[in-house]
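What follows is a single structure, written as C-alpha cells, with notes after it.
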Amino acid sequence: MALLIGRCRLGVTKSSPLVSVLRCQNGADSCKMAAAAGVGAQKFKKFHTSSIDLKKYSWLNYILGERTLKRFNDRSKIIVIDGNIAAGKTTLGQKLAKELGMYYFPEASLDYFDRQSGDGKRLDPKFTGNVSLERFYKDPKAEDGHSFRLQVVMYMIRYLTYCDAMNHLLTTGEGVILDRSVYSDFVFLEAITTAGLIRKQCYDYYQELKGISLWRVLPPHLVIYLDAPLDVVKKRIKERGIPYEQTIDDSYLESIDRAYTKQFLPEIGESSEILHYDWTNFGEIERVLEDIDMLKYEKSPWNDQDDVSLHHYRVFFNNKFHVVAKTIMAKYLPELTVGALEFDEIRQEYLELPGMRYQKGYNKEDGNLIFK
C-alpha cells in the first residue's frame, strides 16, 4: 500500500495498510481520516464518566477552557501487561480492569483496520498489508519478505492502539490497561532477526521507524511483566488451541523471552515502574493490586506534563492521518515496496467497496445525502 500526498507517491509499500486508513479523493490533494479513536477496547466497570466525543477535540476546545488534568485522579494511569506468548496477559489484564475500574484494550491484532473501515467486515488482506500470522508461522522464510512486512504492519497497529489508549486517558481521565504495547513490539523483531529471517537493512529500517514515532507518545506508567518458563509457555499454547501457534519453534519463544529480560525491561525501567512476577502457576490478583497501590511513579515523564503539553498530545491523536504518518518512511526495501501502478489498481478496487469512497455519511450506502 502507499501513502499518497498530493500528486506524489512516497514509499509505495506492501507493508503500510493505508488504503484502509486513508481515503484519497479523486483529484484532491488531501487524504481523509477513516478511523475513530478508541475502537477495539472493551469496557469494564466505569471509574467515572465523560460525554466528550473523542473525535472532536481541537484547538478551539482549549481556547474555550477545556483542560485535561482536572479529570485525572489516582487511577488515571496507563498499565501494560507484558510477557511471552500465552503467558497469561489477557486473563490478568481483564481482571485488573474490573478491579481497578479501568478501560481494557486487548492485544493489537491484524483486524484493527477491519473494525474501523466501512461496514467493519473483514477486508481482503491485500488492502491491509497482505500479511497474516498463519502464513508467518507456516512459512517464516517466505521469499517475498512476509516476515518483516508483518513486523512493520504490527508495529503500526500497536502504535495506533497505544495512541488510542493514551487519547482515551487524556479525554476521559479513565485509566487504561493494555495487553502488550508498541514499546515491547521490538522483542518480535529481535526474535526474527536471531532466526535469520530478515536482512540488516530491514533491522535498521525498523529502528529508524521507532525513532520517528515513539517520541510522540509517553511511556506507560506501569509495566507488569509475567515470567513463565518455556515448558509452561508451550503447554499453555497447546491448551488454548490456536492452530497456527502449534508449530511455533522453541528457539523463537526463547528469543522473545531473552529480548524481554535483557533489553525491554532494562530500557522501559528507566521511565516506567515495573512489577515482575513469576507466572509459572499464575498468581494472586490481590497481591498485584496491593503492589500497584504501593507505587509512587516518581520517575515517570508524565509528572512533567501540564495542560498545555497534554493539549498538544490530544490534538495529535485526533488527527489519524498525522498518527499514521509517524509509522511510514519513504525508503525503498524489496520486502515492502510495490510499484505505483499496482498500488493504483488496489486503491481503485478498495474505493469500490461499500462505504469506502468518501468519509462516513457521504457515500451512497449511508442513506439520504440531501442535507449533507
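In the range 159-180, the residue that is surrounded by the fewest Cβ atoms within 10 Å (Cβ to Cβ) out of those that are aliphatic (A, V, I, L, M) and closer than 9 Å to residue 105 by Cα is 176. Among the residues of the range 237-250, is any closer than 15 Å to residue 82 by Cβ and acidic (Asp, Glu)? Among the residues of the range 237-250, not one is closer than 15 Å to residue 82 by Cβ and acidic (Asp, Glu), which makes the answer no. Restricting the range 273-306 to residues that are hydroxyl-bearing (Ser, Thr, Tyr) and without any contact (Cβ under 8 Å) to a residue 60 or more places away in the chain, the residue that is farthest from residue 231 (Cα to Cα) is 277. When every residue of the range 267-274 is checked against the conditions, none turns out to be farther than 24 Å from residue 170 by Cβ and in contact with a strand residue (DSSP E or B) (Cβ under 6 Å, 6 or more places away or on another chain). Out of 314, 347, one residue alone is under 30 Å from residue 269 (Cα atoms), of a type in the set (D, E, K, R) and part of a helix (DSSP H, G or I). It is 314. Taken together, the criteria exclude residue 239 from residues that are in contact with a Lys or Arg (Cβ under 9 Å, 6 or more places away or on another chain), at pLDDT 95 or above, among the acidic types (Asp, Glu) and not in a strand (DSSP E or B). Taking the conditions (1) touching a residue at least 60 places away in the same chain (Cβ under 8 Å); (2) farther than 25 Å from residue 307 by Cα; (3) not aromatic (Phe, Trp, Tyr) in turn, residue 110 satisfies each one other than (1).
Taking residue 277, is it under 30 Å from residue 195 (Cα atoms), touching an Asp or Glu at 6+ places or on another chain (Cβ under 7 Å), of a type in the set (Phe, Trp, Tyr) and outside any helix (DSSP H, G or I)? Yes. Could you check the range 97-133 and list, in sequence order, the residues that are over 19 Å from the mean Cα position of the chain (by Cα), modelled with pLDDT of 95 or more and not in a loop (DSSP other than H, G, I, E, B)? Matches in the range 97-133: 98, 99, 100.
Can you tell me which of 256, 242, 237, 224 is surrounded by 14 or more Cβ atoms within 10 Å (Cβ to Cβ) and farther than 25 Å from residue 138 by Cβ?
224 is the lone residue from the list that is surrounded by 14 or more Cβ atoms within 10 Å (Cβ to Cβ) and farther than 25 Å from residue 138 by Cβ.
Are any of the residues in the range 346-359 at pLDDT below 85, surrounded by 13 or more Cβ atoms within 10 Å (Cβ to Cβ), more than 28 Å from residue 61 (Cβ to Cβ) and polar (S, T, N, Q)? No, there is no match, as no residue in the range 346-359 is at pLDDT below 85, surrounded by 13 or more Cβ atoms within 10 Å (Cβ to Cβ), more than 28 Å from residue 61 (Cβ to Cβ) and polar (S, T, N, Q). Take residue 148 and tell me if it is among the aromatic types (Phe, Trp, Tyr), surrounded by fewer than 22 Cβ atoms within 10 Å (Cβ to Cβ) and at pLDDT 95 or above. Answer is no for this residue.
When residues in the range 80-107 are screened for being within 29 Å of residue 250 (Cα to Cα) and crowded, with 23+ Cβ neighbours inside 10 Å, 9 of them pass. Residues in the range 110-129 that are crowded, with 16+ Cβ neighbours inside 10 Å and within 21 Å of residue 247 (Cβ to Cβ): 110 only.
Looking only at the range 194-242, residues that are over 21 Å from residue 328 (Cα atoms) and not aliphatic (A, V, I, L, M) come to 15 in all. Please find, within the range 199-220, the residue that is nearest to the chain's Cα centre (by Cα) out of those that are hydrophobic (A, V, I, L, M, F, W, C) and in a helix (DSSP H, G or I). Top of the filtered list is 214. The residue of the range 84-96 that is farthest from residue 290 (Cα to Cα), among those that are assigned to a helix (DSSP H, G or I) and not charged (D, E, K, R), is 90. For the range 150-198, residues that are farther than 20 Å from residue 92 by Cα, in contact (Cβ under 8 Å) with a residue 12 or more places away in the chain and not in a helix (DSSP H, G or I) total 4.
The values are calculated or read from the model by the stated rules, or taken from the named source; none is laboratory data. Because the structure is predicted, anything quoted here is derived from the model rather than measured. Note that we place each Cβ from the backbone using ideal geometry, even for glycine, and neighbour counts take in every protein chain shown.
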